[in-house]
Amino acid sequence: MDIPYTVQPRPDTGVYNAKVGMWLFLASEVMLFGGLFSAYILLRVAAPEGTWPHGWLSIPLGTLNTLILALSAVTVLLAWAACKARMFDRYKFFQGITLLLGVIFLGIKGYEYHDKLTHYTVVLKDGRIADGHWVSATPSEVVLKGEFVAERSELADRRGRAKAHEEIRLARDQVQKMQVYGPAYNTYLALYFTMTGLHGLHVLGGLVVFAFLWGPGSRLWKTDPDRFTNRVEVAGLFWHFVDLVWIFLFPVLYLT
Amino acid sequence: MQATSPAIPASTHHPAHHPETGFWRTYIFSTDHKVIGIQYGITALCFLFFGFLLMLMMRWQIAHPGEPVPIVGPLLAAVLGDVAARGVMSPDLYNSFGAMHGTIMVFLGVVPLAVGAYGNYLVPLQIGANDMAFPRLNMMSYQLYFLGGIVMLTSFFIPGGAAQAGWTSYSPLATAIPTDGQTFWLIGMVFLITSSLLGSVNLITTIIQLRAPGLTWMRLPFFVWAQFTASFLLLLAFPPLETAGILQLMDKLAGTSFFLPTGLAIGGKLADISGGGSPLLWQHLFWFLAHPEVYVLILPAMGIIGEIIANNTRKPLWGYKSLVFSVLMIGFISFLVWAHHMYLTGMGTRISAFFQTTTMIISIPSVIILTALLISLWGGSIRFNTPMLFALAFLPMFGIGGLTGLPLGFSASDIHLHDTYYVIGHFHYVVAPGTIFALFAGIYYWFPKITGRRMNEYWGKVHFWGSLLFMNLIFMPMFVQGLAGMLRRMSDGGLQYSAAKVPGVAGALSGPILGLNNFILWAAAGLAIAQIPFIINFFWSIAKGQPVRSDNPWEATTLEWQTPTPPPHGNFLKPPQVYRGPYEYSLPGYDKDYVPQNQPPG
Ligand code: HEM
Ligand SMILES: [Cu+2]
């Protein structure tokens, strides 16, 4: 029993099944991220004046990642074009590059996460607030590299501010509250981790599919190149969507 | 393809060329849309039954607050422990049962039955396809649904029990309850949502791509249109709830404050959270799904009713085109009405005017559909078999449900009615004697195709009249209670607000109003008894029902009846070619009063 139009397009609709399926799936993905972006807008608009963080993320790293994804959008297209032109080695080459770019993207993202998850704000019992990166800790002492501030609100806007490198030693018994820059820190970081985390999972999912199509899945090329080309195309569609989401995430989280 | 001998079930005439796969591949990990449809159907019926039992126990509790639940009380105490000490339902347990009743009925019962089972089994047959577009994805959808169900059921037995914050799971309450039930609920929902998404991608692709040659859009049976639109609603409305679920899960597990406002106090103590979240955000995301979701519940039901009415009036459906356009219009507008569930949040007159207007507009296509189905009866020579009785009852029952929705759609009257039993009455009229009657009708109607045997007519009618009577006895009094101001979700059934407890207070609930709780309890027990004939009839007929004499026992026109009975893997003996519309009944100039869609002209 063969299901029709798995490879050749249906004449009156002009597409093959998997492509319709992918477009529909992407429509639902638009709604998924649409829900997230609406949440972002609502929460940001409702935030009290002057509390929304600015300049908390590294714009150079974000820009680099944007370029990486943009480049991968090109290579994924070239990989598909190579399949269409029946040039399997070229396909392997470009798909390999795409994979590599995706992995680098995730690596950079991981580095950014690490940077946040080693960053602390410490409220002391005398009311002072220390903010900086974790250096070391003993049962009696915490050492950070950072600065003291008088008010939390001073931490909100960090645009154009030089990084503080002063080493701060804090006695444990003076510490009232110690907060890591994780999702629970504030609404901005909660959104940052959730949105980029969900996006990262999509990147990962795309990479798993690409790895399959690059490795074991590419055996299909020998028996049914048309079908294989379709798979590459559909995976590529998904990848373009993932890129597109990043194009929105980048300004929303890094630049504004 | 007609079988000849009346004595032998038609199924034995067509030794379905079943693949030489073993039991597991044929029945459990099957990729055949019909097997998957049946899996959905059986699982969903079990969940419906379970959800119904939860409700029976709750009705006992609100009619007799603090008294041990009869029959199952000791079992509850033994299995659930403290929350059901001595067999008495504690408020916590009541809340769990309430939340899970709603969740199970909607997400594990009606939707999987209406879309998962009916859509899967019938849509490929009705469009003349040999299977769904993505058979393996189809199997995965069912498995995810099953897993989601398991997660939900497991949550009853964890410490603290299942989720307690209603099927709507409003934050901050849902997050603040210290037990893990809500976490299980959210994880279960993520499974269910993913399952629905994959299922709807599959169904829509199938309808777009696999229609038989000649089966143009305007020749599709109304049922297919209904499934098509319902699938689009699932596809586009569910993801925002998935977003909301993920955010609430973050609130629960990662300590974020997406839905938790600044200054939130839990149990009199300021919560240790960053704050800055918005409880209303949850409500918006939830209802953005949940309003379209109610149309996911009703559209497939309307589709089923359309098929059965056309078949049993032996007439084309009246106004096929307006039916189709109304369904599509409902689909679009249902994305624009969600905040009519939130008038009480004080959204301001301009926004509420918008949602009041859209809510009134969406009733127009609903009324058109109902009217077209009603007019279809006109002048028909109606066959009053069991499926048709359920279909006929659907019309007024859905009518009552829809009409009682109108006062809810105006913010002025809704502020009085919101969160009362009136709302419960409203939506149960649309879903229980509405959608569930349609689902019953469909079971009686397609049973011969699936099993090769008919269900017993006499017991079918007993089931019908009993259900119709008790459904109304249950839900009609709720309007009265709601208008008198009785709130929903109270584990004592309103006792604390009764005139007996707070004498002299204006608006306290009178004795007769509270007494209706007891009335409803016994009506619910009656409804339970009325289902016994169905259950016995169902199983008995699978084994011993009267065998059908042909592949098309109802003399229907649509393609699912032009297959062997039951349809083999791959469905049609040869790929069908379609020549005509879906309801060519009683055409002049033909010797029979029906012309199947695949009968060549002339
Ligand atoms: C056709 C006209 C309809 C109108 C004007 C209407 C209007 C409304 C309104 C305004 C509410 C909110 C009431 C409140 O919470 O205060 C409501 C609740 C509800 N409606 Fe309808 N409705 C209609 C049809 C339907 C249909 C067809 C279904 C389902 C098949 C449905 C299912 C529900 C459910 C489940 C709720 C309650 C949700 C909850 O709060 O738990 N309604 N309806
Ligand atoms: Cu609604």
**OP:** Test B:Gly255 against the stated conditions and say whether it is within 14 Å of B:Ala174 (Cβ to Cβ), assigned to a loop (DSSP other than H, G, I, E, B), open to solvent by 10 Å² or more (accessible area, probe 1.4 Å) and within 10 Å of chain A (Cβ to nearest Cβ).
**Re:** no
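Please determine, by comparing only the residues of the range B:329-356 that are more than 15 Å from ligand 2 (Cβ to nearest atom) and open to solvent by 50 Å² or more (accessible area, probe 1.4 Å), which one is nearest to B:Ile369 (Cα to Cα).
Narrowing the range B:329-356 to residues more than 15 Å from ligand 2 (Cβ to nearest atom): B:329, B:346, B:348-351, B:353.
With the extra rule that they be open to solvent by 50 Å² or more (accessible area, probe 1.4 Å), the set shrinks to B:329, B:346, B:349-351.
Numbers: B:Met329: 11, B:Gly346: 33, B:Thr349: 31, B:Arg350: 30, B:Ile351: 28 Å.
Selected residue: B:Met329.
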Original post:
Could you say which residue among B:Ile369, B:Ile361 is part of a helix (DSSP H, G or I), open to solvent by 10 Å² or more (accessible area, probe 1.4 Å) and touching a residue at least 12 places away in the same chain (Cβ under 8 Å)?
Top reply: B:Ile361
Subject >> Residues (within 11 Å of ligand 2 (Cβ to nearest atom), open to solvent by 10 Å² or more (accessible area, probe 1.4 Å) and either within 13 Å of B:Gly245 (Cα to Cα) or within 12 Å of another protein chain (Cβ to nearest Cβ) (or both)) located in the range B:270-296 >> reply: B:Trp287, B:Phe288
Original post:
Does B:Leu192 qualify as being more than 14 Å from every other protein chain (Cβ to nearest Cβ), without any contact (Cβ under 8 Å) to a residue 60 or more places away in the chain and under 20 Å from the mean Cα position of the chain (by Cα)?
Top reply: no
Subject >> B:Lys321 away from ligand 1 (no atom under 16 Å from the Cβ), surrounded by fewer than 24 Cβ atoms within 10 Å (Cβ to Cβ) and modelled with pLDDT under 95 >> reply: no
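Quick grid of which residues meet (1) at the interface with chain A (Cβ under 8 Å from one of its Cβ atoms); (2) among the small types (Gly, Ala, Ser); (3) part of a loop (DSSP other than H, G, I, E, B); (4) closer than 17 Å to B:Phe288 by Cβ:
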residue: B:Trp185; (1), (2), (3), (4): no, no, no, no
residue: B:Gly188; (1), (2), (3), (4): no, yes, no, no
residue: B:Gly199; (1), (2), (3), (4): no, yes, no, no
residue: B:Asn202; (1), (2), (3), (4): yes, no, no, no
residue: B:Gly214; (1), (2), (3), (4): no, yes, yes, no
Subject >> Check on B:Ala310, aliphatic (A, V, I, L, M), in a helix (DSSP H, G or I) and more than 26 Å from B:Val106 (Cα to Cα) >> reply: yes
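So which of A:Ala73, A:Ala81 ends up being assigned to a helix (DSSP H, G or I), assigned by TED's automatic domain parsing to the domain that holds A:Trp221 and open to solvent by 40 Å² or more (accessible area, probe 1.4 Å)?
Working: A:Ala73 fails: open to solvent by 40 Å² or more (accessible area, probe 1.4 Å).
Residue meeting the stated conditions: A:Ala81.
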Original post:
Assuming B:Ser541 fulfils every condition listed in (1) over 27 Å from the mean Cα position of the chain (by Cα); (2) within 15 Å of B:Ile450 (Cα to Cα); (3) small (Gly, Ala, Ser) apart from one, which condition is it?
Top reply: (1)
Original post:
Quick one: would you say B:Gly303 is under 30 Å from A:Tyr5 (Cα atoms) and open to solvent by 10 Å² or more (accessible area, probe 1.4 Å)?
Top reply: no
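Residue by residue, here is whether (1) surrounded by 15 or more Cβ atoms within 10 Å (Cβ to Cβ); (2) touching a Cys at 6+ places or on another chain (Cβ under 9 Å); (3) on the phi > 0 side of the Ramachandran plot holds:
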| residue | (1), (2), (3) |
| --- | --- |
| B:Leu473 | yes, no, no |
| B:Val480 | yes, no, no |
| B:Gly485 | yes, no, yes |
| B:Asp492 | yes, no, no |
| B:Ser498 | yes, no, no |
| B:Lys501 | no, no, no |
| B:Gly504 | no, no, yes |
| B:Leu509 | yes, no, no |
| B:Pro512 | no, no, no |
**OP:** From (1) farther than 19 Å from B:Ile362 by Cα; (2) of a type outside the set (Asp, Glu); (3) within 10 Å of chain A (Cβ to nearest Cβ), pick out the condition that doesn't hold for B:Ser231.
**Re:** (1)
**OP:** Could you grab me the full set of residues in the range B:319-350 that are under 24 Å from the mean Cα position of the chain (by Cα) and outside any helix (DSSP H, G or I)?
**Re:** B:Val337, B:Met342
Original post:
Can you pull out the residues in the range A:210-256 that are open to solvent by 30 Å² or more (accessible area, probe 1.4 Å) and among the β-branched types (Val, Ile, Thr)?
Top reply: A:Thr223, A:Ile247, A:Val252, A:Thr256
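For the range B:449-463, what are the residues that are charged (D, E, K, R), buried (at least 21 other Cβ atoms within 10 Å of the Cβ) and part of a helix (DSSP H, G or I)? Spell out the reasoning first.
The initial filter retains those residues of the range B:449-463 that are charged (D, E, K, R), namely B:449, B:453-454, B:457, B:461.
Going one step further and asking which of them are buried (at least 21 other Cβ atoms within 10 Å of the Cβ), we end up with B:449, B:453.
Answer for the range B:449-463, where residues must be charged (D, E, K, R), buried (at least 21 other Cβ atoms within 10 Å of the Cβ) and part of a helix (DSSP H, G or I): just B:Lys449.
Could you say which residue among B:Trp522, B:Trp446 is at pLDDT 95 or above and either within 16 Å of ligand 2 (Cβ to nearest atom) or open to solvent by 20 Å² or more (accessible area, probe 1.4 Å) (or both)?
Details: B:Trp446 fails: either within 16 Å of ligand 2 (Cβ to nearest atom) or open to solvent by 20 Å² or more (accessible area, probe 1.4 Å) (or both).
Within the list B:Trp522, B:Trp446, the selection yields B:Trp522.
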**OP:** Just need a number here: residues in the range B:126-142 that are within 14 Å of another protein chain (Cβ to nearest Cβ) and under 23 Å from B:Thr216 (Cα atoms).
**Re:** 8
**OP:** Looking for whichever is more than 16 Å from ligand 2 (Cβ to nearest atom), more than 14 Å from chain A (Cβ to nearest Cβ) and out of contact with any Asp or Glu (no Cβ under 8 Å at 6 or more places or on another chain) here; the options are B:Gly160, B:Gly149. Which one fits?
**Re:** B:Gly149
Original post:
Which pairs have Cβ atoms under 9 Å, sit 6 or more apart or on different chains, and link a residue in the range A:28-44 that is facing chain B (nearest Cβ under 7 Å) to one that is buried (at least 17 other Cβ atoms within 10 Å of the Cβ) and not in a helix (DSSP H, G or I)?
Top reply: A:Ala39/B:Phe258; A:Ala39/B:Ser278; A:Leu42/B:Ser278; A:Leu43/B:Phe258; A:Leu43/B:Gly276; A:Leu43/B:Gly277; A:Leu43/B:Ser278
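Kindly check whether there is at least one residue in the range B:557-574 that is among the aliphatic types (A, V, I, L, M) and more than 30 Å from B:Gly494 (Cβ to Cβ).
If we filter the range B:557-574 for residues that are among the aliphatic types (A, V, I, L, M), which is where we start, we get B:559, B:573.
From the residues that got through so far, the ones that are more than 30 Å from B:Gly494 (Cβ to Cβ) too are B:559, B:573.
Yes, the range B:557-574 contains at least one residue that is among the aliphatic types (A, V, I, L, M) and more than 30 Å from B:Gly494 (Cβ to Cβ).
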Original post:
In this structure, does A:Gly14 turn out to be over 26 Å from the mean Cα position of the chain (by Cα) and either within 30 Å of A:Asp226 (Cα to Cα) or facing chain B (nearest Cβ under 9 Å) (or both)?
Top reply: yes
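For the range A:93-108, give me each residue that is open to solvent by 60 Å² or more (accessible area, probe 1.4 Å) and either touching a residue at least 40 places away in the same chain (Cβ under 8 Å) or under 23 Å from the mean Cα position of the chain (by Cα) (or both).
Keep residues of the range A:93-108 that are open to solvent by 60 Å² or more (accessible area, probe 1.4 Å), which gives A:93, A:100, A:103-104.
Selection gives A:Leu100, A:Val103, A:Ile104.
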Subject >> Evaluation of A:Ala156 against (1) outside the structural domain of A:Cys83 (by TED's automatic domain parsing); (2) open to solvent by 40 Å² or more (accessible area, probe 1.4 Å) (one fails), failing number >> reply: (2)
Original post:
Has the range A:46-60 got any residue that is facing chain B (nearest Cβ under 9 Å) and aliphatic (A, V, I, L, M)?
Top reply: yes
Original post:
Any idea which of B:Phe427, B:Phe437 is of a type in the set (Phe, Trp, Tyr) and open to solvent by 20 Å² or more (accessible area, probe 1.4 Å)?
Top reply: B:Phe427
Subject >> Entirely in the range A:109-166, the strands (runs of 3 or more DSSP E) that have 1 or more residues that are touching a residue at least 60 places away in the same chain (Cβ under 8 Å) >> reply: A:119-124
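The values are calculated or read from the model by the stated rules, or taken from the named source; none is laboratory data. Treat the numbers as computed from the prediction; the structure is a model and nothing was measured. Here Cβ is always computed from backbone atoms with ideal geometry, including for glycine, and neighbour counts include all displayed protein chains. The area values use the complete protein model at the heavy-atom level, side chains included, leaving out ligands, DNA and RNA. Shrake-Rupley method; radii C 1.70, N 1.55, O 1.52, S 1.80 Å.
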